[in-house]
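Data block below; observations after.
The values are calculated or read from the model by the stated rules, or taken from the named source; none is laboratory data. What you see is a predicted model, and the numbers here were worked out from it, not measured in a lab. Here the Cβ is made from the backbone with ideal geometry for all residues, glycine too, and neighbour counts use every protein chain on show. Heads up: the accessible areas ignore ligands, DNA and RNA and are worked out on the full protein's heavy atoms, side chains in. Shrake-Rupley method; radii C 1.70, N 1.55, O 1.52, S 1.80 Å.
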Amino acid sequence: MSAVRPAPQEVDAVVIGAGFAGLYTVYRLKQMGLTHRAFERGGGVGGTWYWNRYPGASSDSESWVYSFTFSRELEQEWTWSRRFPEQPEILSYLEHVAERFDLKPSFAFNTRVTGAAYDEATARWHVETEHGEQISARFLITAVGCLSAAQVPKIPGLGQFKGAWYHTGEWPHEGVDFTGKRVGVIGTGSSGIQSIPVIAKQASHLTVFQRTPNFSVPARNRALSREEVETLKRNIREIRETCRWSSIGQPYDWKDAEALKVDQAALRRQFEADWEKGGFEWMFGSFRDLLVDPQANALAADFVREKIQAVVKDPEVARKLTPSGYPIGTKRLPLDAGYFETFNRDNVSLVDLRETPIEEIVATGIRTRERVHELDAIVFATGFDALTGPLTRVGIRGRGGETLAAKWTAGPQTYLGVCTRGFPNLFMVTGPGSPSVLGNMPTSIEQHVDWIFDCITHMRELGQSTIEPTAEAEAAWVAHVKELADATLFPHTDSWYMGANIPGKPRVFMPYIGGFGTYRQLCAEVAEKGYEGFSFA
Ligand code: NA7
């Protein structure tokens with residue numbers, strides 16, 4: 001008897017991912033009574049927080065905004081312990097959400113989606129998993145995260161290294177004990193800056209391999225008192241409402257004042273006061289010209305440079321750690337817990353890769369142009385193929401078999417960052433061209449998912465089976481995203497926002513930088529005008 005392939009299972013929607021976005025998407029699907037299957041490559045819920053278990057991993061948004069708003073009960077029941085939640089607590093929160101709303105049964109875990117092809121004849125998506133499952137769905141909703149495709153640079157010789165190596169974004173679940181070990185960390189982005197102070201306390205020696213010195217602002221993380229928690233819970237609705245309409249989805253916004261127009265003593269006082277507060281507010285709740293005017297930016301950059309010089313005792317190390325040549329804030333600004341102080345420890349050394357580049361990895365460590373640094377373990381804090389990487393690697397094929405990767409060779413083409421022409425009924429939660437990583441992620445996610453479900457409701461009411469952007473609307477949106485970015489200092493810097501960290505990736509500023517509140521308003525207007533810029537069939 002020949003093996004007959006079973007007919008694909010038919011559902012209304014397939015969801016990929018079980019992080020904040022996937023969980024909320026499944027919640028909404030259940031609420032609307034739409035049949036669905038959801039897939040997650042990890043063994044449990046959590047997304048980013050399932051994988052990024054490196055020492056010191058923490059959210060850079062305050063806990064009271066880095067959470068869901070869709071349920072008042074959930075909001076009141078859950079109590080965060082710290083100002084900035086750390087990875088284990090965020091993972092517990094997401095597990096709680098999954099249990100509380102009975103979301104887990106919707107997911108197949110340890111199941112990678114290996115392809116999704118749009119069939120024009122049936123107007124349905126055919127989705128395949130690594131286990132050979134076939135599903136036919138009307139809607140494909142990607143909730144794959146923006147920073148989930150980990151990048152290990154192709155440094156020759158990694159295969160011969162006798163020690164252990166790790167990427168921060170794919171950290172072993174059992175944890176890693178660096179006690180008594182000589183550890184090398186490559187990379188000084190947020191993950192490096194969060195993990196370096198913690199690893200330094202464990203390792204016998206830590207060598208930090210730095211390619212570009214980074215600016216960083218103190219997080220000043222701390223436990224929340226009972227009184228604070230009570231006040232926050234009492235005011236949570238107003239706090240959240242402010243986030244919804246602010247520039248970066250946070251409960252603060254740019255000040256009306258401009259750095260170049262205020263008195264320099266007042267500017268200094270403001271910088272100092274915000275520095276003491278800690279957190280992103282130092283930059284993104286500050287003078288509104290900081291990210292658009294190079295001279296204003298230089299005032300902020302000089303302030304941080306001074307702080308570095310004041311903290312780091314060895315003048316040569318301080319020199320190497322001091323960033324220059326790019327505006328502060330145009331690489332994703334890290335928050336830290338004693339990062340620069342760590343370089344005053346006797347067991348920490350810094351290798352400036354601009355002076356002595358890595359040549360290869362050898363059995364016993366890393367060889368730079370100068371010498372071999374003997375290591376027992378290497379930590380790659382080398383980042384991600386951001387925003388487009390998580391989507392293009394799924395193997396999504398639209399009309400005529402075109403892949404997303406092929407369509408986006410010159411940079412992502414989307415309308416509102418949620419849909420892309422030629423891929424009908426594909427919805428990308430926090431896709432490129434939306435504010436996504438420039439805002440508080442849960443705020444971005446909820447807005448996108450709500451918009452998607454309003455759109456699906458609209459289609460249901462009008463009996464429409466497919467939606468996709470018009471060519472004109474998509475081209476205009478791509479141009480608008482670029483125009484907004486070009487009015488800022490961001491495009492001048494090599495950053496993952498620009499795709500500059502991935503060899504061969506087109507140099508395009510990928511997120512929408514017009515402000516989260518403005519974006520929310522635009523999306524609402526598109527919907528009010530009968531989904532202007534979309535065509536239905
Ligand atoms: P990032 O921010 O992309 O940082 C990666 C770091 O690794 C950065 O310092 C890079 O230097 C460095 N890097 C990358 N490739 C190499 C090679 N080949 N050699 C040496 N150094 C290298 O990633 P993170 O994981 O820290 O943060 C990602 C986001 O996650 C973060 O912003 C939050 O939003 C959460 P470079 O600056 O490119 O010279």
Residue list for the stretch 363-393, filter: open to solvent by 10 Å² or more (accessible area, probe 1.4 Å) and more than 16 Å from the ligand (Cβ to nearest atom): ALA363, THR364, ARG371, VAL372, GLU374, ASP376, THR392, ARG393
Scanning for something within 16 Å of the ligand (Cβ to nearest atom), in a loop (DSSP other than H, G, I, E, B) and touching a strand residue (DSSP E or B) at 6+ places or on another chain (Cβ under 9 Å), does the stretch 219-236 turn up at least one residue? yes
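Let's see how each residue does on (1) under 24 Å from ALA13 (Cα atoms); (2) assigned to a loop (DSSP other than H, G, I, E, B); (3) free of Cβ contacts under 8 Å to residues at least 12 places away in the same chain:
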site	(1), (2), (3)
ALA473	no, no, no
LYS482	no, no, no
PRO491	no, no, no
PRO506	no, yes, no
GLY514	no, yes, no
LEU522	no, no, no
VAL526	yes, no, no
GLU532	yes, yes, no
Filter the stretch 246-261 for residues that are more than 20 Å from SER436 (Cβ to Cβ) and open to solvent by 40 Å² or more (accessible area, probe 1.4 Å) and give the result. LYS255, ASP256, GLU258, LEU260, LYS261
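Could you tell me which of the residues ASP102, ASP119 is at positive phi and of a type in the set (D, E, K, R)? Working first, answer last.
Values: ASP119 fails: at positive phi.
Being at positive phi and of a type in the set (D, E, K, R) holds for just one of ASP102, ASP119, which is ASP102.
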May I ask you to list the residues in the stretch 126-170 that are within 19 Å of GLY192 (Cβ to Cβ) and away from the ligand (no atom under 16 Å from the Cβ)? GLY163, ALA164
Picking from ALA98, ALA108, which residue would you name as being buried (at least 21 other Cβ atoms within 10 Å of the Cβ) and touching a residue at least 40 places away in the same chain (Cβ under 8 Å)? ALA98
Among (1) within 16 Å of the ligand (Cβ to nearest atom); (2) open to solvent by 50 Å² or more (accessible area, probe 1.4 Å); (3) closer than 20 Å to ARG83 by Cα - the single one GLU276 does not satisfy: (1)
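Being surrounded by fewer than 18 Cβ atoms within 10 Å (Cβ to Cβ) and either touching a residue at least 24 places away in the same chain (Cβ under 8 Å) or touching a Leu at 6+ places or on another chain (Cβ under 8 Å) (or both) is the filter here, so list the residues in the stretch 132-149 that pass it. Explain how you work it out, then say what you get.
Pass one, the stretch 132-149, residues surrounded by fewer than 18 Cβ atoms within 10 Å (Cβ to Cβ): 132-134, 136.
If the condition is that a residue be surrounded by fewer than 18 Cβ atoms within 10 Å (Cβ to Cβ) and either touching a residue at least 24 places away in the same chain (Cβ under 8 Å) or touching a Leu at 6+ places or on another chain (Cβ under 8 Å) (or both), then GLU133, GLN134, SER136 are the ones that fit.
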